[in-house]
Amino acid sequence: MATADMNESGAKPWLLLSPALTAITLLLAIPICFIVVYSFWLKTASGVPQTGFHLDNWAEVLTDVFYRDILFTTLKIAFLTTVVCILLGYVPAYFIAMTTFRHKAFLLLLLMLPFWISYIIRTMSWINILGGSGAINAVLLWLGIVDEPIRMLYNEPTVIIGLVHYLLPFMVLNIYVSLDGIDRSLVDAARSLGCTGWQAFREVTLPLSLPGLAAGSLLCFVLSAGTYITPLVLGGPTDAMFANLVFEAIITQLNWPLGSALSLVLLVLLGLLVTVYNRFIGMSQIAKTFG
Amino acid sequence: MDTTKRYERLLERYRNGDLERRTFLGLLGAAGITAGLTGGPFKALRGHALAAKPDEVRFDGWGGVVSEAFREYAFAPYTEATGIEVVDGTFGGADEYLARVQSGQPGEYNLAHLSGVFDYARYHNQGLSSTLNEDNIPNLDNVIPRLVDVFRAITDGNLSAVPYDYGTTGIAYNRKHISDDEIQEKGASILVDPEYKDRIGGWSEWKTRIWYAALQSDQDPNDIQDMEAVWEKVRENRDLLLKYWESGAELMSLLAEEEIYVTEGWSGRIRALQDQGHDIGYYDPPGGLGWQECIFVLKGSPMEACEELLNFMLEPEVAIAVAEGQFYPPALDPQKVELGEVVPTLPAFDPSGTLENLNFFDPTYWNGNEDDWSQTFSRVQRGY
């Protein structure tokens with residue numbers, strides 16, 4: 001009887017997990033396997049890839065300075081975006097978590113509001129803000145501060161601005177969840193022991209909110225590094241990111257094997273980052289935010 | 001009375017001036033309903049295999065004003081007349097579409113508004129061409145012969161597409177900043193003029209970039225001898241660019257917002273801008289690039305339904321309406337068909353119907369270099 005119960009309790013989680021596992025297997029694991037296999041094939045002139053085990057694509061991707069440089073640029077943009085998101089995201093998250101405003105839910109709703117608008121539309125909206133005849137230039141010209149429009153668009157900073165606009169809510173939400181979970185009596189205790197407000201923040205609040213900060217940073221970094229639209233819309237001639245190369249290999253050059261190898265490089269790099277995060281902090285922090 | 005007869009009668013009345021265009025299109029719809037109630041269209045198809053009559057055919061095009069014109073003047077009346085739904089999709093370019101077709105099932109995609117002879121050849125080489133029964137497309141006789149012949153040469157005398165329109169990729173410039181005299185003096189070289197650094201735009205498509213770089217380095221784009229000189233010009237242009245644009249909509253936005261003063265551009269899109277009141281000039285430099293677009297029927301498609309749609313789309317009234325909507329001259333021969341008042345005013349229009357002044361991609365030459373040049377351009381474009 002006891003054995004039967006154990007079998008039942010052992011099988012039940014798997015039974016409950018099976019729809020999710022099936023979906024992950026069919027929609028993620030198997031397609032990734034296909035991509036891995038494709039990466040060892042070769043493009044031919046006819047468009048039908050030459051099957052087999054060829055290391056040519058991998059040799060090209062891993063040794064060519066072109067791919068290495070674009071990858072470095074991608075990681076740099078993702079890093080800078082993450083840093084800006086941290087700097088801009090902490091204050092509003094702190095404010096929402098600590099405010100005594102009765103309608104805190106309304107503030108959170110405002111935070112979620114941008115998600116109701118398409119990411120592409122949000123990205124393109126910067127053209128109307130930073131463009132030659134955009135809002136900022138129109139005001140500067142009207143005030144007589146400048147004689148002709150300042151060029152602000154289509155460079156690396158505008159790509160970062162577009163990414164920050166897209167990713168900031170992720171950062172704020174993660175930090176907010178972390179701050180909201182802090183026992184306020186710990187801060188009170190620090191203050192009663194002689195800490196100034198700044199010291200209490202530095203010694204108590206900030207360290208306890210670091211898991212949320214780390215979760216937000218991970219999300220911002222991974223999503224930035226895999227972005228494709230933002231550099232396309234807001235970037236200049238040489239502001240491509242790694243995902244643009246994947247698109248170009250697969251769509252423009254019809255070189256699916258090379259595109260597969262490129263996408264796997266990005267997947268492995270970002271996967272390593274997630275693994276390190278999971279090892280030291282754990283994915284549960286991200287689950288809390290979206291739970 | 002079959003569907004074709006209904007079209008013919010309505011067209012006859014329209015041609016005689018008894019019907020306005022709107023009434024004509026409305027009656028086409030009514031004819032379609034009648035046809036549906038009295039037994040349905042495509043008797044010929046029914047004779048062969050009723051089960052083979054499709055409920056829908058899929059058409060993919062460029063979107064924007066071009067697709068709007070197709071929807072309004074061609075697909076809606078066709079659907080009303082035949083009961084066959086035209087599923088209307090869009091793509092950003094023939095490359096992207098080819099990737100979609102390759103990953104789809106045969107028959108999933110049917111008709112595509114492809115650009116240039118280059119794409120026709122490429123799709124044929126990928127094994128995606130079909131063979132049209134030209135007897136089912138009598139309006140093909142009205143098409144400019146030069147546009148048809150280049151397709152026949154690729155597909156052993158047969159056709160997998162009908163030519164539909166043509167245009168040029170010339171130089172578009174903002175007259176507030178660049179005069180007509182300056183553009184005529186500098187020609188294609190204005191796109192590598194340091195005076196306009198950060199005010200130049202360019203299409204991020206390797207063929208167009210190389211074509212113009214060949215002109216800038218005084219070479220025949222269809223017989224380039226010094227490729228290094230071409231890449232140098234592509235780099236020169238890249239370093240002066242504000243942005244590589246990716247679509248017609250982005251081209252129009254950059255010019256209209258005066259982010260850029262000069263770029264190469266598609267004749268129809270520039271005409272659309274001019275009609276919106278923007279003071280944008282358009283100039284086809286010596287050796288400038290012409291192209292034609294076709295409606296390509298992909299292998300595995302329901303051929304008779306597609307041929308019926310093609311014939312309908314080539315009816316002068318429909319083709320002219322689409323041309324006026326999308327601002328590209330139709331492929332119809334002006335020596336055979338009266339094209340009305342607007343078409344002759346469209347950029348790139350050739351009243352002789354010979355198209356002798358236009359230069360097209362040599363499909364054999366460009367297809368042969370595609371792998372090498374498109375990959376190299378990908379690098380040069382990004383600063384290498």
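Quick look at the values:
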item: Selection within segment A:253-276 - within 9 Å of chain B (Cβ to nearest Cβ) and open to solvent by 30 Å² or more (accessible area, probe 1.4 Å); result: A:256
item: Test set (1) within 20 Å of the chain's Cα centre (by Cα); (2) not in a strand (DSSP E or B) - residue B:89 fails condition number; result: (2)
item: Candidate set: segment B:65-92, residues that are surrounded by fewer than 19 Cβ atoms within 10 Å (Cβ to Cβ) and within 23 Å of residue A:246 (Cα to Cα); chosen: the one modelled with the lowest pLDDT; result: B:92
item: Count of segment A:142-165 residues which are within 13 Å of chain B (Cβ to nearest Cβ) and in contact (Cβ under 8 Å) with a residue 60 or more places away in the chain; result: 6
item: Failed item, numbered, when residue A:139 is tested on (1) more than 14 Å from every other protein chain (Cβ to nearest Cβ); (2) at pLDDT below 95; (3) surrounded by fewer than 16 Cβ atoms within 10 Å (Cβ to Cβ); result: (2)
item: Residues of segment A:169-197 satisfying the condition of being of a type in the set (Gly, Ala, Ser) and closer than 27 Å to residue A:220 by Cβ; result: A:178, A:181
item: Residue match in segment B:146-154 (condition: in the same structural domain as residue B:313 (by TED's automatic domain parsing), basic (Lys, Arg) and surrounded by fewer than 20 Cβ atoms within 10 Å (Cβ to Cβ)); result: yes
item: Odd one out for residue B:76, checked against (1) under 26 Å from residue B:131 (Cβ atoms); (2) over 13 Å from the mean Cα position of the chain (by Cα); (3) among the aliphatic types (A, V, I, L, M); result: (1)
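The rows are residues; the columns are (1) surrounded by 21 or more Cβ atoms within 10 Å (Cβ to Cβ); (2) more than 24 Å from the chain's Cα centre (by Cα).
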position: A:129; (1), (2): no, no
position: A:133; (1), (2): no, yes
position: A:144; (1), (2): no, yes
position: A:149; (1), (2): no, yes
position: A:155; (1), (2): no, no
position: A:158; (1), (2): yes, no
position: A:167; (1), (2): yes, no
position: A:195; (1), (2): no, yes
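The values are calculated or read from the model by the stated rules, or taken from the named source; none is laboratory data. Since this is a predicted model, take the numbers as computed values, not measurements. So basically every Cβ, Gly included, is an ideal-geometry build from the backbone, and we count neighbours across all protein chains shown. Side chains included, ligands, DNA and RNA excluded: accessible areas come from the protein's heavy atoms. Shrake-Rupley method; radii C 1.70, N 1.55, O 1.52, S 1.80 Å.
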